[in-house]
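For reference, the structure is listed below as structure tokens.
The values are calculated or read from the model by the stated rules, or taken from the named source; none is laboratory data. Just so you know, these numbers come straight off a predicted model, no measurement behind them. Reconstructed Cβ throughout: ideal geometry from the backbone, glycine too, with neighbour counts over all protein chains shown. Note: accessible area is taken over every heavy atom of the protein model, side chains too, but ligands, DNA and RNA are not part of it. Shrake-Rupley method; radii C 1.70, N 1.55, O 1.52, S 1.80 Å.
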Amino acid sequence: MANQKGSGLLMVWADVPSDKEKEFNRWYNEEHLAERLSVPGFLGAARYEAVKGGPKHLAVYELESPAVLDSDAYKRLQAQPTEWTKRAGPGTVATTFIRNVYSMIHPTTPSQKIAQSPMAPALQIGRMDVPSEVDAEWNTWYNTIYIPNYEKVPGVIRGRRYRAVSGAPTYLTLYEFENPKVSESAAWDVQRDAAPVNERMRKHMRHAQGSPGVYVKTFEL
């Protein structure tokens, strides 16, 4: 079974005027995702829309590693955008356009189970910074207490964490859900303060606008 996940992510968020959305969606679904998946090292891709938070549109690309974006094959595509890309891509039509590249920090490498897993039906995504003086303690807490406890909640497939290679803020938390209501459940609420340290460590998070956001999958090849 081919791997569908690696140690890198390319995440593209966008808000698009309503009169541009139809063509924007057609461009993504009929041309752009397939074009990107033709590049060696692009392992999986899907589009999502926000049901909580934002920006509204999200394209998730699972990469073998962030180095894929430095490859000749990818650079050739970037340097030669199609006419449809020039007309309907987010660089032209989006009012909000965020393109971030990430390297996975938790787990440190994808297990076989993670690597061969499909794109999730729903995601909860947190984008955040923390003060440098608490960075090491905060990361240890997040990796060893916060995510493992949330992974006990019914409907949570897994949690992964990333550090930005390009873009901001520094950290991204990606929870894969079976449905978009998981983080509204009583079981999720219980884990929020399941450990005494949680409240103190959460206070250090500085979330980006629209974060945390919950997204549902709208298209996948």
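Each Lys and Arg adds +1 at its Cβ and each Asp and Glu adds -1 at its Cβ; summed about the Cα centre, the chain shows a dipole of about 100 debye. What does the helix-only formula give at 222 nm for the chain: each DSSP H stretch with n ≥ 4 adding -39500 (n - 2.57), the total divided by the residues, and the result rounded to the nearest 500 deg cm²/dmol? Here the helix-only value at 222 nm equals -6000 deg cm²/dmol. Along the axis of the charge dipole computed for segment 135-210 (Cβ charges of +1 for Lys and Arg, -1 for Asp and Glu, origin at the Cα centre), the listed residues Val190, Thr140, Pro180 are led at the positive end by Thr140. Legend: calculated FRET efficiency, Lys22 to Trp84, from the Cβ-Cβ distance at R0 = 22 Å, rounded to 0.05, equals 0.95. For the chain, carbon and sulfur atoms together expose 51% of the accessible surface, with a 1.4 angstrom probe and every protein chain in place. For the chain, the longest principal axis of the Cα atoms and the long axis of helix 18-27 meet at an angle of about 80 degrees. A crude spin-label estimate for the pair Met1 and Asn143, with each label 7 Å from Cα along the Cβ direction, gives 2.6 nm. Using +1 at the Cβ of each Lys and Arg and -1 at the Cβ of each Asp and Glu in segment 86-200, identify which of Val93, Met119, Val130 lies farthest towards the dipole's positive end. Of Val93, Met119, Val130, it is Val93.
Here's the list of aspartates and glutamates a cross-link from Lys217 could span, going by alpha-carbon distance under 17 Å and ignoring same-chain residues fewer than 8 apart: Asp15, Glu21, Glu30, Glu49, Glu62, Glu176, Glu178. Classified by the C-alpha gyration tensor, segment 100-197 has an oblate form. Its axis ratio a/c, with a ≥ b ≥ c, is 1.5 or above, and a/b does not exceed b/c.
Here the ratio of the Cα radius of gyration of segment 122-165 to 2.2 N^0.38 Å is 1.26. Gain on full extension, evaluated as 0.36 nm per residue between Ser103 and Glu30 minus their Cα-Cα distance, stands at 23.5 nm.
For segment 1-109, the square roots a ≥ b ≥ c of the C-alpha gyration tensor eigenvalues yield an a/c of 1.5 or more together with a/b not exceeding b/c, which makes the shape oblate. Per residue, the accessible area of the chain comes to 47 Å², computed with a 1.4 Å probe over protein heavy atoms only. Modelled this way, with points 7 Å down the Cα-to-C-beta line, the labels at Val190 and His207 are 2.3 nm from one another. Of all lysines in the structure, the ones whose alpha carbon falls short of 19 Å from that of Lys152, not counting any fewer than 8 places away in one chain, are Lys113, Lys181. In sequence order, segment 113-125 has phi-based couplings of 4, 5, 4, 9, 7, x, 5, 6, x, 8, 9, 10, 10 Hz under the Karplus curve 6.51 cos²θ - 1.76 cosθ + 1.60, θ = phi - 60°, and Gly or Pro positions carry x.
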